[in-house]
1. What do the square roots of 5 times the Cα gyration tensor eigenvalues come to for region 1-148, in whole Å, largest first, as semi-axes of the equivalent ellipsoid?
2. Once phi is turned into θ = phi - 60°, what whole-Hz ³J(HN,Hα) does the Karplus curve with 6.51, -1.76 and 1.60 give for every residue of region 268-274, x standing for Gly and Pro?
3. If you add up the charges near D52, with Lys and Arg at +1 and Asp and Glu at -1, over every other residue whose beta carbon is less than 10 angstrom from its beta carbon, what do you get?
4. Which whole-Hz ³J(HN,Hα) couplings does region 256-262 yield from phi under the Karplus relation 6.51 cos²θ - 1.76 cosθ + 1.60, θ = phi - 60°, glycine and proline marked x?
5. Excluding A229 itself, calculate the net charge of residues whose Cβ lies under 14 Å from the Cβ of A229, where each Lys or Arg counts +1 and each Asp or Glu counts -1.
6. If I model a spin label at E225 and D113 as a point 7 Å from the Cα along the Cα→Cβ vector, what separation in nanometres do I get?
7. What are the residues whose amide H is under 5 Å from the amide H of I79, where those residues sit 5 or more places off or on another chain and H is modelled from the backbone?
8. Roughly speaking, what is the stretch gain from Q215 to A276, that is 0.36 nm per residue apart minus the C-alpha to C-alpha distance, in nm to one decimal?
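We did not get these values from a lab; they are worked out from the coordinates using the rules stated. This one's a predicted model, so the numbers in the text were calculated from it and none came from an experiment. Every residue, glycine among them, receives a Cβ derived from its backbone with ideal geometry; neighbour counts consider all protein chains shown.
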Amino acid sequence: MLHIQPMGANTGGEITGVDVKQLDDEGFAPIYATWLKYGVIVVRDQEIEIDDFLDYSRRFGTVVPHPSKSTRHPDYPEITLLGINKFDADGNLIEAIYRRGGVGFHTDGAYDDVPFKATQLHAIAVPSTGGNTHFSNMYMAHDALPQRLKQTLEGRNGAFTYGGRSASQALLNEEDRDRKPAFHPMIRLHSETGRKSLYFDPGKILYIDGLEKQQSDDVIDELAERMLAPGAQYSHQWRVGDIVIWDNRCMVHKAAGDYPPEEDRIHWRVSIKEPAAA
Ligand SMILES: O=C(O)CCC(=O)C(=O)O
Ligand SMILES: [Fe+2]
C-alpha cells in the first residue's frame, strides 16, 4: 500500500509501496501531489526497464533529450547516462563525468527559454560510500531574503547561459556552445503551487537585467550565499532501485561527488518539460 513520509525537515518525501509500472491516473495523483508539496521525492524499490522509466516519466510532462549529446543512451536519446565511461582510454578519470552536477548547487536547464520542469533519476548502481545528491528548497530561500533584496529582484530577469560567468561547457558539442542567454524572473511564481521562489543558479547566471554591472555582480555573490536557506536542505542517500524526481522550478541540487571513483555510480536520467500548450 502507498506510504508517504517526509525525509528532510522541510524538503523531500519518500514513497514506498508502489510499483510505477502498475499505476493508473488515480494511483499517480497522490505521487504528483507529494512531489509538489516536498519539491523532491524518492519512490523506493523499483524494478523497471528503460521503457517503463520513460512511460512513468511522461506522467510528469514531456520528456526531452538533454543537450549533452555525448552522454545520451545510444538507443534512447531521451535517456542520459550518468557515471558511464568515466575513464578515458589511458585509464584517467574524466572529471566532467565524475563531477557532473557536483560543481555547485544549480537548477537544470536555466540556459533554455523553457527550463526543465523536472529531472528524474533512476539508480542502477550505487557506491559503497558517498555519492549523495543534495537538495535545497528555493521557496524557503525566497522567504528568507531580506526585504531590500526582494525589492531589488522583484520584476527583474536574470540572464542565464550553459556556462554562466565561467563559460565551462565541457559536456557540450562545439555546435551547441555559446548560445544567447535565456531570461527568467529572479523571483518566480510557481504555476501549480502558487508559491514564490528564488530562481537562481550561480554557475549559469551572467547578470541581472537592469542593474549596473557592479551591483549585479554583488547581488549574484550575495545570492550565492543566501540561496541555501537554514533548514531548507535534504541530502539523498541512494539505494539501487530508487527513482528520484525534483522540481527545477523551486529546488536547487548538487551531486556530492565524493564517492570512490573506482566504484560504479550509475543513473538513468531524464529531463522533463511542461507539456506544450494545447
Ligand atoms: O548525479 C547527481 O547526483 C545529480 C547530477 C545532476 O546535477 C543532474 O542530473 O542534473
Ligand atoms: Fe543537475
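1. On the way: eigenvalues 137, 102, 55 Å².
Listed largest to smallest, the semi-axes of region 1-148 are 26, 23, 17 Å.
2. 8, 9, 10, 9, 10, 10, 4
3. -4
4. Taking θ as phi minus 60°, the curve returns 5, x, 10, 9, x, x, 6 Hz for region 256-262.
5. Numbers: positive: K150, R195, K196, R226; negative: D143, E222, E225.
Neighbourhood net charge equals +1.
6. 3.7
7. Sorted by chain and number, the residues that satisfy this are H73.
8. On the way: separation 61, 0.36 × 61 = 21.96 nm, distance 3.63 nm.
Extra length from Q215 to A276 when fully extended: 18.3 nm.
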